[in-house]
1. Summarise the accessible area of the chain (1.4 Å probe, protein heavy atoms) by the percent that is carbon and sulfur.
2. Of 335, 355, 282, which is farthest on the positive side of the dipole of region 266-371, counting Cα position, with +1 on Lys and Arg Cβ, -1 on Asp and Glu Cβ, and the Cα centre as origin?
3. Dividing the Cα convex hull volume of region 200-263 by residue count, how many Å³ per residue is that?
4. Using modelled backbone amide H atoms (1.01 Å from N, in-plane), which distant-in-sequence or interchain residues come within less than 5 Å of residue 176's amide H?
5. Might you tell me the accessible area per residue for the chain, computed with a 1.4 Å probe and given in Å²?
6. Keeping all protein chains in place and using 1.4 angstrom, which order do 334, 240, 162 fall into by accessible surface area, from largest down?
7. Quick one: which residues, 5 or more positions from residue 37 or on another chain, have an amide H under 5 Å from its amide H? H modelled 1.01 Å from N in the peptide plane, none for Pro or chain starts.
8. Can you tell me the relative contact order of the chain? Whole percent, Cα pairs under 8 Å, sequence separation 6 or more.
Amino acid sequence: MNATVSPDIHVVYVEDDAAVRRASTQAFVLADLQVRDLPRAEPALPLLTPDAPCILVSDVRLPGMSGLELLERVRQQAPDLPVILVTGHGDVGMAVNAMRAGAYDFIEKPYSPERLLDVVHRAIDQRRLTLENRRLRERLATLEGMDAVLLGHSPAIERVRHIVANLADTDADVLILGETGTGKELVAQSLHDGGRWRAGNFVAINCAALPESVFESEMFGAEPGAYTGATRRRIGKIEHAHRGTLFLDEIEGMPLPLQAKLLRVLQQRSVERLGANEAVPVQCRVVAASKEDLADASRDGRFRADLYYRLNVATLTLPPLRERREDIPLLFTHFLHQAARRFERPAPELSPALSDRLTAQHWPGNVRELKHAAERHVLGLWETDPPAGDDTLSLPLRVERFESALIESALAASRGGVTEAAAVLGIARKTLYDKLARNGIDPARFR
């Protein structure tokens with residue numbers, strides 16, 4: 001008998017004994033596994049491609065091509081595909097040779113259904129992991145331009161990319177709002193790279209870290225003799241950004257007296273170097289970034305309202321990582337491979353358990369914290385204990401959020417396919433539809 005093959009990982013089962021084949025196939029079907037059963041090895045070969053969503057279970061003694069020969073051919077054409085060999089004539093030597101040849105496992109007849117299913121389930125988990133990691137790597141490899149910088153397929157990050165693409169090739173000043181670690185400088189760099197002055201300099205300034213004592217010389221520049229130790233002309237940051245982009249990071253931390261000086265420059269689009277009498281015209285795009293709502297800060301008197309209105313030509317708000325959880329596996333895989341190249345270490349595989357843990361975590365440090373976790377994971381330093389979670393939430397709410405995160409991650413992986421997502425989650429399609437309705441999740445968001 002042949003069960004219908006689903007997009008999820010299925011079993012290709014080769015056994016020439018019809019009675020044994022029927023019994024084992026029935027065990028697979030009762031365990032809700034999809035199976036394609038065959039009496040010979042030769043018809044199985046075309047099914048066992050590098051990207052095939054399947055594993056192979058094969059008897060060793062077969063008419064024509066043997067199970068060991070089939071193993072050898074599979075190792076040549078699909079080396080990552082798990083192969084489980086079964087025999088009633090095996091011995092320790094054969095088992096050792098089969099494992100050395102690349103078999104995933106070896107089972108001797110007679111075997112219990114529980115023993116067979118245990119090995120098969122483990123092989124399926126490995127195959128699913130291999131294909132998922134391959135899919136993530138392939139997706140990363142095909143990304144270009146802004147997609148390669150602002151990674152993700154969630155609706156939230158898609159909106160960010162759309163706004164950046166719309167604003168990039170204009171002269172409009174932009175105010176970027178977002179929590180720490182959400183990628184504000186990456187967005188500013190994307191605006192610069194996509195703009196008409198991309199050939200100019202991208203000049204980044206951390207406003208909160210610039211001491212008042214050196215503000216004018218750093219920002220405006222200085223002529224020789226303007227102050228003690230000034231022996232030659234110094235071009236300031238703003239002038240260096242001429243026909244480029246001036247990125248003012250953490251502008252909410254700039255002291256009020258310095259805000260007034262900056263406002264004048266932005267209004268006049270010119271700077272006077274210290275010790276000079278002439279203004280130098282400056283044409284540049286200004287991109288400011290803040291982790292605080294500057295409208296609130298201006299109402300509280302902590303930020304100049306006139307500077308806020310001057311900067312707020314166009315506002316772009318970046319979503320925190322917890323609002324784009326479906327992007328976490330892709331981001332983490334990207335950071336794993338970055339770290340692996342940097343540290344000259346192999347990139348660990350992203351297991352389903354780790355993917356679930358990452359997706360459920362709160363990530364107060366957002367993408368930056370996720371990147372550091374990937375670096376520590378490559379170095380073998382990341383803690384393996386599960387996170388404690390937000391203790392301020394009730395248990396039912398934490399469970400509900402965890403379930404929603406897992407569902408969204410599965411939908412993202414399957415590009416909105418409910419059948420495929422249900423298979424990944426290991427639940428019936430009707431059950432998943434019920435959970436989608438209860439959690440208010442629309443699969444169309446992920447297509």
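1. That share works out to 50 percent.
2. Of 335, 355, 282, it is 282.
3. So the per-residue hull volume is 86 Å³.
4. Here the answer is 288, 289, 290, 316, since their amide H atoms fall under 5 Å of that of residue 176.
5. Details: 21960 Å² over 447 residues.
Heavy-atom accessible area per residue stands at 49 Å².
6. Details: 334 40, 240 95, 162 130 Å².
Accessible-area ranking of 334, 240, 162, largest first: 162, 240, 334.
7. 3, 13
8. This gives 13 percent for the chain.
The values are calculated or read from the model by the stated rules, or taken from the named source; none is laboratory data. Just so we're clear, the structure is a prediction, and the values are computed from it rather than from any experiment. Ideal geometry is used to build each Cβ from the backbone, glycine not excepted, and the neighbour counts take in all protein chains shown. When the accessible area is computed, the model is the full protein with side chains, heavy atoms only, and any ligands, DNA or RNA have been set aside. Shrake-Rupley method; radii C 1.70, N 1.55, O 1.52, S 1.80 Å.
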